[in-house]
Amino acid sequence: MLDLRQVARHFGGVRAVDGLELTVGDGEIVGLIGPNGSGKSTTVNLITGVFPLTSGAVFFRGQEISDLATHRRLRMGIARTFQNIRLFGQLTVWQNVWVAQNSQEDRAGRGFFARWLGGQAHARDEIARLLEFGGLAHKQDELAANLAFGEQRRLELARALAAKPKLLLLDEPAAGMNSEEIGQLRERILSLRQRGVTILLIEHVMELVMGVADRIVVLNFGQKIAEGSPAEVQADPLVRRAYLGGE
């Protein structure tokens with residue numbers, strides 16, 4: 001589904017991502033891990049078009065998307081969450097999900113005002129399902145800014161899912177969560193895979209990554225240093241030195 005070929009992004013003399021080869025197959029959950037500053041979030045920004053490539057190419061479902069704008073990648077089926085939460089704080093929970101819907105009305109050029117006024121039942125039903133999935137149905141009329149941190153994380157996930165992604169990029173979704181919330185997030189991620197969503201998971205919480213990923217890619221200083229199953233990665237001496245600590 002996703003294919004990064006010799007992808008690089010340099011910021012002056014800093015090689016944030018340097019010759020990265022990465023594939024994510026249809027239906028996979030792939031973990032992307034590494035120390036702080038290893039290039040994980042930069043990789044997400046390159047996939048979604050936030051940053052242009054210095055070199056290399058990005059392919060999605062067989063089509064090169066290296067030069068496509070972010071909104072065009074979204075319409076193709078690539079959605080994401082953010083490491084630093086980026087909700088519309090002065091909109092309600094319901095409205096945050098509504099504005100993110102990748103709707104037929106918007107694609108037809110009628111715009112979200114027509115969608116709001118038309119109030120298609122299926123779109124509203126979908127919002128209800130997403131809020132239920134995120135455990136936020138009872139908070140739908142709350143302002144997003146007033147939610148607890150874990151609830152805001154769940155709203156970001158619901159908002160990303162409103163775009164009906166084929167590929168979902170989760171950038172540290174467990175950051176700031178307690179153990180109970182992480183366990184619930186694990187179940188949600190596995191449930192999404194059962195629904196046909198392919199996932200690239202960037203995460204520092206090893207318990208979560210090792211519990212859901214089919215395959216793990218490890219970055220260090222912008223380069224891939226290891227790739228394999230969770231057990232293989234855990235046993236890799238390069239990974240242990242660079243990220244997990246010790247020999």
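Note on region 167-176: residues that are open to solvent by less than 10 Å² (accessible area, probe 1.4 Å) and free of Cβ contacts under 8 Å to residues at least 60 places away in the same chain amount to 1.
Report yes if some residue within region 187-202 is among the small types (Gly, Ala, Ser), modelled with pLDDT of 95 or more and more than 14 Å from the chain's Cα centre (by Cα); otherwise report no.
Residues of region 187-202 among the small types (Gly, Ala, Ser): 191, 196.
Those still in the list that are modelled with pLDDT of 95 or more too: 191.
Right, trim to more than 14 Å from the chain's Cα centre (by Cα) and you get 191.
So far as region 187-202 goes, yes, one or more of its residues are among the small types (Gly, Ala, Ser), modelled with pLDDT of 95 or more and more than 14 Å from the chain's Cα centre (by Cα).
With respect to the conditions (1) within 13 Å of Arg9 (Cβ to Cβ); (2) in contact (Cβ under 8 Å) with a residue 24 or more places away in the chain, Ser66 lacks only one, and its number is (2).
For the structure I just gave you, tell me whether Gly211 is open to solvent by less than 40 Å² (accessible area, probe 1.4 Å), in contact with a strand residue (DSSP E or B) (Cβ under 7 Å, 6 or more places away or on another chain) and not hydrophobic (A, V, I, L, M, F, W, C). Outline the logic, then answer.
On the way: open to solvent by less than 40 Å² (accessible area, probe 1.4 Å): yes; in contact with a strand residue (DSSP E or B) (Cβ under 7 Å, 6 or more places away or on another chain): no; not hydrophobic (A, V, I, L, M, F, W, C): yes.
No.
Within region 127-138, residues that are within 11 Å of Trp94 (Cα to Cα) reach partners that are loosely packed, with under 15 Cβ neighbours inside 10 Å with beta carbons closer than 8 Å, at six or more positions or on different chains, in the pairs Ala137/Ala128.
Here's the yes/no breakdown for (1) part of a strand (DSSP E or B); (2) out of contact with any helix residue (DSSP H, G or I) (no Cβ under 8 Å at 6 or more places or on another chain); (3) of a type in the set (A, V, I, L, M, F, W, C):
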{"position": "Leu170", "(1), (2), (3)": "yes, no, yes"}
{"position": "Glu181", "(1), (2), (3)": "no, no, no"}
{"position": "Glu187", "(1), (2), (3)": "no, yes, no"}
{"position": "Leu200", "(1), (2), (3)": "yes, no, yes"}
{"position": "Met210", "(1), (2), (3)": "no, no, yes"}
{"position": "Val218", "(1), (2), (3)": "yes, no, yes"}
{"position": "Ala231", "(1), (2), (3)": "no, yes, yes"}
{"position": "Arg241", "(1), (2), (3)": "no, yes, no"}
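Considering only residues that are free of Cβ contacts under 8 Å to residues at least 24 places away in the same chain and at negative phi, look in region 3-29 and name the one that is surrounded by the fewest Cβ atoms within 10 Å (Cβ to Cβ).
Narrowing region 3-29 to residues free of Cβ contacts under 8 Å to residues at least 24 places away in the same chain: 11-14, 23.
Filter once more, keeping what is at negative phi: 11, 13-14, 23.
On the way: Phe11: 11, Gly13: 5, Val14: 12, Thr23: 15.
Of everything passing the filter in region 3-29, Gly13 is surrounded by the fewest Cβ atoms within 10 Å (Cβ to Cβ).
Cβ separations smaller than 7 Å between residues 6+ apart or across chains give the following pairs from region 77-97 residues that are more than 24 Å from Ile199 (Cα to Cα) to residues that are assigned to a strand (DSSP E or B): Gly89/Leu143; Gln90/Leu143; Thr92/Leu143. Of the residues contained in region 194-207, one or more are found to be surrounded by fewer than 17 Cβ atoms within 10 Å (Cβ to Cβ), within 26 Å of Ala8 (Cβ to Cβ) and in contact (Cβ under 8 Å) with a residue 60 or more places away in the chain.
So which of Lys224, Lys164 ends up being open to solvent by 30 Å² or more (accessible area, probe 1.4 Å) and under 27 Å from Arg75 (Cβ atoms)? Steps first, answer last, please.
Working: Lys224 fails: under 27 Å from Arg75 (Cβ atoms).
Lys164 is the lone residue from the list that is open to solvent by 30 Å² or more (accessible area, probe 1.4 Å) and under 27 Å from Arg75 (Cβ atoms).
Within region 56-78, the residues that satisfy the criterion of being touching an Asp or Glu at 6+ places or on another chain (Cβ under 8 Å) and either surrounded by fewer than 18 Cβ atoms within 10 Å (Cβ to Cβ) or of a type in the set (Gly, Ala, Ser) (or both) are Ala57, Phe59. Against the definition (open to solvent by 60 Å² or more (accessible area, probe 1.4 Å), over 25 Å from Leu157 (Cβ atoms) and modelled with pLDDT of 90 or more), how does Ala235 come out, yes or no? No, not satisfied. The residues on offer are Leu87, Leu32, Leu53, Leu46, and the sole one that is closer than 30 Å to Ala226 by Cα, modelled with pLDDT of 90 or more, part of a loop (DSSP other than H, G, I, E, B) and open to solvent by less than 60 Å² (accessible area, probe 1.4 Å) is Leu53.
Regarding Val44, is this residue in contact with a Ser or Thr (Cβ under 6 Å, 6 or more places away or on another chain) and either in contact (Cβ under 8 Å) with a residue 60 or more places away in the chain or not polar (S, T, N, Q) (or both)?
It is false that Val44 is in contact with a Ser or Thr (Cβ under 6 Å, 6 or more places away or on another chain) and either in contact (Cβ under 8 Å) with a residue 60 or more places away in the chain or not polar (S, T, N, Q) (or both).
The values are calculated or read from the model by the stated rules, or taken from the named source; none is laboratory data. Because the structure is predicted, anything quoted here is derived from the model rather than measured. Methodologically, a virtual Cβ is constructed for each residue, glycine included, from the backbone with ideal geometry; neighbour enumeration extends over all protein chains shown. Note: accessible area is taken over every heavy atom of the protein model, side chains too, but ligands, DNA and RNA are not part of it. Shrake-Rupley method; radii C 1.70, N 1.55, O 1.52, S 1.80 Å.
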